[in-house]
Amino acid sequence: MRLVADDLTLSRGERRLIEGLSLAVEASEALVLTGPNGVGKTTLLRALAGFIVPEAGAIRLEGGPDNGAAVGELAHYVGHANGVKPGLTVSENARFWARFLGGDVRAVEDVLEIIHLADIAEVPAAYLSAGQKRRLGLARLLLAHRPLWLLDEPTAALDVASQALLAGFMQRHLDAGGMLVAATHGPLGLAGARILELAAPAPGEVAAP
């Protein structure tokens, strides 16, 4: 399976961010998006996930048993927001995501052990630190299988130990044939990842009417 984007044009409001971009991500490959704030890293990830319709170009998955399926159906997207409900406990949040994503609710206990949140499983998420909330948000990667991971600043709020834990998750996903596209301002700990540096658009460049 491979992710392919052909000749994409993307804008935010009236400001064009990306024009004529093509890329491909193969099985077991990671593509890391870099560049200054505001160049379109998040916009590109959201387009790959199917949340934004490109002004031009196409995005598709090729090969695999689900050939022709929408990219978003086969992807995990973790953005800046963690998707954590503060009124639910850690365990309840994880169970919600397992059910929503079609995963196995019975795996929740093991996943919470893996991400070092099992000892606070019954604590409301409102009382978690920023790093704990981020780990809980990332737990969905392990609660249901998706071949493509789309991650926006996945290490945000994580301490050094948690960053290493995440790097291990990502590497195992790649070793199993998964694909990964991540936007970041810092290292992700993935050896061999390809880098795509997005450049700032020309000042005043606007989208065509």
Inset, instruction - Would you mind stating whether Ala130 is at pLDDT 95 or above, within 28 Å of Thr34 (Cβ to Cβ) and loosely packed, with under 14 Cβ neighbours inside 10 Å? - result: yes
Legend entry - Matching residues in segment 52-109 - criterion: being in contact (Cβ under 8 Å) with a residue 24 or more places away in the chain, in a helix (DSSP H, G or I) and more than 24 Å from Leu3 (Cα to Cα): Val90, Ser91, Asn93, Ala94, Trp97, Ala98, Ala107, Val108
Legend entry - Which numbered condition Leu61 misses (of (1) modelled with pLDDT of 95 or more; (2) under 23 Å from Leu188 (Cβ atoms); (3) touching a helix residue (DSSP H, G or I) at 6+ places or on another chain (Cβ under 6 Å)): (1)
Inset, instruction - For segment 186-209, enumerate the residues that are closer than 18 Å to Ala164 by Cβ, modelled with pLDDT under 90 and surrounded by 11 or more Cβ atoms within 10 Å (Cβ to Cβ). - result: Pro187
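A quick yes/no check of all residues on (1) at pLDDT below 90; (2) under 16 Å from the mean Cα position of the chain (by Cα); (3) exposed (fewer than 14 other Cβ atoms within 10 Å of the Cβ); (4) not hydrophobic (A, V, I, L, M, F, W, C):
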| position | (1), (2), (3), (4) |
| --- | --- |
| Arg12 | yes, no, no, yes |
| Thr34 | no, yes, no, yes |
| Asn37 | no, no, yes, yes |
| Thr43 | no, yes, no, yes |
| Val53 | no, no, yes, no |
| Asp66 | yes, no, yes, yes |
| Leu74 | no, yes, no, no |
Inset, instruction - Take segment 71-87 and flag every residue that is small (Gly, Ala, Ser) and within 16 Å of Val25 (Cα to Cα). - result: Gly72, Ala75
Inset, instruction - Assess whether Glu29 counts as being surrounded by fewer than 15 Cβ atoms within 10 Å (Cβ to Cβ) and closer than 23 Å to Ala176 by Cβ. - result: no
Inset, instruction - Determine the pairs where a residue that is farther than 16 Å from Arg46 by Cβ, located within segment 175-193, has a partner that is outside any loop (DSSP other than H, G, I, E, B) and among the β-branched types (Val, Ile, Thr) with Cβ atoms under 7 Å apart, the partner being 6 or more residues away or on another chain. - result: Met179/Val25; Leu188/Val32; Ala193/Val32
Inset, instruction - Please state which of the following conditions Val84 fails to meet, knowing it meets all the rest: (1) in contact with a strand residue (DSSP E or B) (Cβ under 9 Å, 6 or more places away or on another chain); (2) of a type in the set (Val, Ile, Thr); (3) at pLDDT 95 or above. - result: (1)
Inset, instruction - Could you tell me whether segment 169-184 includes any residue that is surrounded by fewer than 20 Cβ atoms within 10 Å (Cβ to Cβ), within 21 Å of Ala94 (Cα to Cα) and within 16 Å of the chain's Cα centre (by Cα)? - result: yes
Inset, instruction - Can you tell me which residue within segment 133-148, out of those that are in contact (Cβ under 8 Å) with a residue 40 or more places away in the chain and part of a helix (DSSP H, G or I), is nearest to Val111 (Cα to Cα)? - result: Leu143
Inset, instruction - Within segment 136-151, identify whether any single residue is of a type in the set (A, V, I, L, M), in contact with a His (Cβ under 6 Å, 6 or more places away or on another chain) and within 29 Å of Gly38 (Cβ to Cβ), and answer yes or no. - result: yes
Legend entry - Subset of segment 76-96 that is surrounded by 14 or more Cβ atoms within 10 Å (Cβ to Cβ) and under 15 Å from the mean Cα position of the chain (by Cα) - its residue that is nearest to Gly177 (Cα to Cα): His76
Inset, instruction - Filter segment 120-134 down to the residues that are under 12 Å from Asn93 (Cα atoms) and of a type outside the set (A, V, I, L, M), then identify the one that is farthest from the chain's Cα centre (by Cα). - result: Glu122
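The values are calculated or read from the model by the stated rules, or taken from the named source; none is laboratory data. Fair warning: this is a prediction, and the values are worked out from it, not measured in the lab. Neighbour counts are summed over all protein chains in view; Cβ atoms, including those assigned to glycine, are modelled from backbone coordinates with ideal geometry.
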